[in-house]
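The structure appears below as structure tokens.
The values are calculated or read from the model by the stated rules, or taken from the named source; none is laboratory data. Remember, predicted model here, so these are calculated numbers, not experimental data. Please note: Cβ atoms are built from the backbone with ideal geometry, for glycine as well, and neighbour counts cover all protein chains shown. Just the protein is used for accessible areas: all its heavy atoms, side chains included, with ligands, DNA and RNA removed. Shrake-Rupley method; radii C 1.70, N 1.55, O 1.52, S 1.80 Å.
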Amino acid sequence: MVACTASAVTAESVSPAVTETYISTSGFAYNPAIYGDKIVWQDNRNEKTDIYMYDLSTKTETQITNTEQTDGNPAIYGDRIVYSSYGDPEICICSISTKKETQINISGYAENPVIYGNRIVYSSDRNGNIDVYMYDLLTKKETQITSSPDAQTYPAIYGNRVVWQDDGGEDDGWVNHGIFMYDISTNKKMRISPTELAYYPAIYSNRIVYASTRNGNTDIYIYDLSTKKETQITSSPDTQTHPAIYGNRIVWVDTGGEDDGWENHGIFMHDISTNKKMRISSSGHTSNPVIYGNKIVWGYSVDWGADDVYMGTI
């Protein structure tokens with residue numbers, strides 16, 4: 001582990017309610033994740049890709065991995081950081097407190113992990129098509145969640161619920177079939193999105209958010225498991241995609257539309273409790289927003305490559 005200090009530079013706030021902070025300093029940072037006061041991302045500043053972490057409480061940056069492998073797509077929960085290590089590839093986990101790194105004992109190729117509590121979910125094409133799997137850190141047991149000939153991708157987890165998008169398969173021309181959910185406690189699967197063409201699910205408590213192009217352009221929708229009701233959150237001619245949710249707040253990136261030459265307009269947020277939307281980022285060229293409490297983190301690049309990590313505090 002290598003520690004170094006990274007200064008937090010407050011940028012011009014997009015509104016009086018948001019303070020924007022520059023998190024990474026390398027110019028090669030992307031795919032951020034956040035939990036509590038810690039932000040992680042993948043970074044190829046040294047001509048190889050490693051995982052880095054920034055601690056908001058101590059204002060220090062720490063290099064988490066330093067191997068010859070390509071380490072990417074990090075996720076964080078509590079004291080644990082999980083990520084893909086592309087050699088085999090495999091899933092690895094690092095304890096922040098002990099600095100101990102461990103390869104998860106799974107039975108084959110796996111990538112794009114996410115974590116909640118003692119459970120890690122990820123995708124794997126070990127059987128010829130992409131399925132969703134889960135690994136329990138307590139029992140050290142791997143469970144296959146999906147097994148259809150379709151490709152199930154972008155898994156997410158909260159509590160006992162795992163969600164993903166179904167991208168279809170060779171037999172049906174790779175037609176997206178929408179968002180689905182598996183309940184670990186009941187061992188039952190159910191369809192979440194009422195139509196096809198739904199992507200990038202995220203879940204918090206009883207709410208699942210996703211993007212859908214059912215009306216010709218991509219908008220953000222939310223499905224409430226307690227009321228069994230879907231609500232459309234955005235309705236502009238722009239493309240709103242890659243939603244994330246925490247509590248009553250939903251964030252997404254607006255990548256523009258045909259009318260404005262697909263100009264990226266930045267990160268936006270909708271508050272479910274007040275039914276109000278607001279702009280979060282002070283500029284466009286943004287990607288992959290994530291949220292924890294009143295902190296929203298995203299990638300930013302002048303050249304569309306999400307080369308730095310920013311944070312907006314509400």
Positions within region 39-89 being assigned to a loop (DSSP other than H, G, I, E, B) and among the hydrophobic types (A, V, I, L, M, F, W, C), in sequence order: LEU56, ILE64
Only one of SER185, SER236, SER226 is among the hydroxyl-bearing types (Ser, Thr, Tyr), surrounded by fewer than 23 Cβ atoms within 10 Å (Cβ to Cβ) and modelled with pLDDT under 95, namely SER236
Looking at region 138-147, which of its residues are in contact (Cβ under 8 Å) with a residue 24 or more places away in the chain and closer than 22 Å to PRO74 by Cβ? LYS140, GLU142, ILE145
First in region 18-29 and assigned to a loop (DSSP other than H, G, I, E, B), second anywhere and surrounded by fewer than 19 Cβ atoms within 10 Å (Cβ to Cβ) and at pLDDT 90 or above, Cβ under 8 Å, 6 or more apart: SER26/ARG45; GLY27/ARG45; PHE28/ASN44; PHE28/ARG45
Of the residues in region 101-117 that are of a type in the set (S, T, N, Q) and in a strand (DSSP E or B), the one that is nearest to the chain's Cα centre (by Cα) is ASN112
Among the numbered criteria (1) in contact with a helix residue (DSSP H, G or I) (Cβ under 7 Å, 6 or more places away or on another chain); (2) surrounded by 14 or more Cβ atoms within 10 Å (Cβ to Cβ), which one does ALA156 miss? (1)
If you go through region 118-145 one residue at a time, how many are open to solvent by 20 Å² or more (accessible area, probe 1.4 Å) and in a loop (DSSP other than H, G, I, E, B)? 11
What is the residue count in region 253-267 for residues that are over 11 Å from THR241 (Cβ atoms) and either outside any loop (DSSP other than H, G, I, E, B) or open to solvent by 10 Å² or more (accessible area, probe 1.4 Å) (or both)? 9
Do we find that THR98 is more than 20 Å from the chain's Cα centre (by Cα) and in a loop (DSSP other than H, G, I, E, B) in this structure? yes
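Here is a yes/no grid of residues against (1) modelled with pLDDT of 95 or more; (2) farther than 23 Å from GLY293 by Cα; (3) open to solvent by less than 10 Å² (accessible area, probe 1.4 Å); (4) in contact with a helix residue (DSSP H, G or I) (Cβ under 7 Å, 6 or more places away or on another chain):
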| residue | (1), (2), (3), (4) |
| --- | --- |
| ASP37 | yes, no, no, no |
| VAL40 | yes, no, yes, no |
| LYS48 | no, yes, no, no |
| LEU56 | yes, no, no, no |
| LYS59 | yes, no, no, no |
| THR62 | yes, no, no, no |
| PRO74 | yes, no, no, no |
| TYR77 | yes, no, no, no |
| ILE81 | yes, no, yes, no |
In region 190-213, is there at least one residue being over 25 Å from PHE268 (Cα atoms) and open to solvent by 20 Å² or more (accessible area, probe 1.4 Å)? yes
